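Derivation of every value follows stated rules applied to the coordinates shown; laboratory data play no part. Just so you know, these numbers come straight off a predicted model, no measurement behind them. Here the Cβ positions follow ideal geometry from the backbone for every residue, glycine too, while neighbour counts run over all protein chains shown.
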Amino acid sequence: MAQTYNPFENAQAQFDKVADMLQVDEGAKALLRQPMQELRFTIPVKMDDGTVKVFNAFRIKHNSARGPAKGGIRFHPHETVDTVRALSMWMTWKCAVVDIPLGGAKGGIICDPRTMSQGEQERLCRGYIRQLWSQVGPTLDVPAPDVMTNGQHMMWMLDEYETITGQRYPGMITGKPVGLGGSLGRTEATGFGVVYCLRECLKNMQLPIETTTASIQGFGNVAEYAARLYTQLGGKLIAVSCWNNTDKVAYTFRKLTGCDPEELAAIKDKFGSIDKEKAIALGYEVLEGDAWLSQDVDILIPAALENQITPAVLPKISQQVKVLCEAANGPTTPDADAQIRERGIMLIPDFLCNAGGVTCSYFEQVQCNMNYFWPKDEVLQKLEAAMTKAFQDVYDLAQEKQLYMRDAAYVISINRVVNAVKTRGWV
Ligand code: GLU
């Protein structure tokens, strides 16, 4: 039987390793290796056919010592409480590594929005907030989009919150549509942030980006914008793998002369599923779902879900691969991680690599507080500066102390969060 991985155990093992190395005291360690608050609840929704369906939902706050808790809400049929726990913990480290004054949280609803009407999704979002409204808010816990959620979901949630509280609180949630309290650049932010890190990484490795090739898993929001910026900077994207919603399997779309993210974006649905027939007509080869990771490329970018890089698939990774750019949260299992390190592959760890999304969410909150919105160039400039600095700090520490990049990122984040919980007098 294939081994199963528990993302929360993975997140705890990563934390324990570095906390022990830093000799974090037992009190702080006990506090930080688990979430501070967990909410689990049910949401009854009247479906279009007149029946009532009951959905299970979570909101988990890992830590708020550095500021209001922050993190997205995922819609996924296989969501589990342990995945949300792990993701909430990674949000704390993510906000700390880019040094924004926010803590970490995550939410999830076990559902499949691909099979639900707009009305059903709206009632689900409003039901989520009806249960949760007293535990979220601009100074308490600030949700955002994540896997299979978008600006429309955020607006329904905001509207429900404001209807209940009777006031306007645009900073209660981020990832809102532009013109309704959203920030320009938020859509691009996570994917662009991935490539700002990658660009710095390649500079340090003295590899000109325009001589590199890459393969990417996923074609949702993060993957699409990472692909767009990577190719704009001259990189050659060889393959894109994504879930096909019609055939219910994943495919890898390959074009050895270089995939065009813009043309692929034009033939995908809003959940990132690329139309197979249209791709074939555009000259793409259609390969098995996991073929993306066996390509002879310099850079692998997992930008889908957790636990994709396991020891079972490691032998398939080409000797040519030099950089593993973790755009998804938790894509590498701990046992595979040890082997990635041994193989000398340069790692850009997830909570650093994909921190561009939450950094822009923070800018969105700042703009909402002022009720004054910046032009897109200004947002992207600030994002680029924040991501470049965060990457360079982690890279320099890794070089100086001969640390694996993941451990170096943890050292920076854990030190910042431990300092916050101690200065507050919590431990
Ligand atoms: N869901 C995104 C993440 O995993 C963004 C979170 C946010 O903007 O709060 O980082």
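Couple of notes before you dig in:
- Relative contact order (%) - segment 167-233, alpha-carbon pairs under 8 angstrom, separation at least six: 35 percent
- At full extension, Val313 and Leu180 could sit 43.5 nm farther apart than now, given 0.36 nm per residue minus the alpha carbon distance.
- Rounded to the nearest 20, the Cβ-based charge dipole of segment 103-152 about its Cα centre (Lys and Arg +1, Asp and Glu -1) stands at 80 debye.
- Pairwise Cα distances in the chain exceed 40 Å for 12 percent of all pairs.
- Measuring r between the beta carbons of Glu162 and Lys203 and using R0 = 51 Å, the FRET efficiency lands at 0.70.
- Placing unit charges on the Cβ atoms of the charged side chains and taking the dipole of the chain about its Cα centre, the candidate lying farthest along the positive direction among Gly107, Tyr284, Leu347 is Gly107.
- Averaging the Cα positions of each part gives two centres, and for segment 412-427 and segment 334-356 these lie 25 Å apart.
- Sites count as exposed loop sites when they are trypsin sites (Lys or Arg not before Pro), lie in a DSSP loop, and have at most 14 other Cβ atoms within 10 angstrom; the longest stretch of the chain without one is 1-167.
- Taking Cα centre as origin and charging only the Cβ of basic (Lys, Arg, +1) and acidic (Asp, Glu, -1) residues, the dipole magnitude of the chain rounds to 800 debye.
- Straight-line cross-link partners of Lys248 among the lysines, defined as a Cα under 21 Å from its Cα and at least 8 positions apart when in the same chain: Lys268, Lys270, Lys276, Lys278.
- Over segment 59-182, Cα pairs under 8 Å with separation of 6+ residues give a relative contact order of 28 percent.
- Choice from Asp82, Asp298, Asp20 showing the highest fluctuation, given a GNM over the chain with Cα pairs closer than 10 Å: Asp20
- Membrane-span-like helices of the chain, defined as complete DSSP H segments with a Cα extent of 15 Å or more along the helix axis and a mean Kyte hydropathy of at least -1.0, are identified as 7-21, 81-97, 151-165, 186-204, 221-232, 356-370, 376-401, 405-423.
- Springs join every pair of Cα atoms under 10 Å in this Gaussian network model of the chain, and among Ile164, Ile348, Ile110 the largest mean-square fluctuation is at Ile164.
- Shape of segment 325-374, Cα gyration tensor, a/c cut at 1.5: prolate
- Among Gly272, Gly27, Gly193, residue whose mean-square fluctuation peaks in a GNM of the chain (springs only between Cα atoms under 10 Å): Gly27
- Within the shell of other residues whose beta carbon sits under 11 angstrom from the beta carbon of Met47, the net charge comes to 0, with Lys and Arg scored +1 and Asp and Glu -1.
- Relative contact order of the chain, pairs being alpha-carbon contacts under 8 Å that are 6 or more residues apart, as %: 16 percent
- Shown here for segment 311-374: chymotrypsin sites (Phe, Trp or Tyr not before Pro) in loop regions (DSSP other than H, G, I, E, B) with at most 11 other Cβ atoms within 10 Å, namely Tyr372.
- Across segment 259-275, rounded Karplus estimates of 3J(HN,Hα) from the backbone phi angles (6.51 cos²θ - 1.76 cosθ + 1.60, θ = phi - 60°) give 6, 10, x, 5, 5, 5, 4, 6, 10, 10, 8, 6, 9, x, 8, 7, 6 Hz, Gly and Pro being marked x.
- Helix-only arithmetic for the chain: the sum of -39500 (n - 2.57) across DSSP H runs with n ≥ 4, divided by the residue total, places the mean residue ellipticity at 222 nm at -13500 deg cm²/dmol.
- Considering all C-alpha pairs of segment 146-226, those separated by over 19 Å amount to 52%.
- Enclosed volume per residue, in Å³, of the convex hull spanned by Cα atoms of segment 45-201: 119 Å³
- 3J(HN,Hα) from dihedral phi, segment 32-39, Karplus parametrisation 6.51/-1.76/1.60, rounded to Hz, x for glycine, proline: 8, 8, 8, x, 7, 8, 10, 10
- R0 of 35 Å, Cβ-Cβ distance Gln381-Gln402: FRET efficiency to nearest 0.05: 0.55
- Compared with the direct C-alpha span, the chain from Ala266 to Arg424 gains 51.9 nm at full extension, assuming 0.36 nm per residue.
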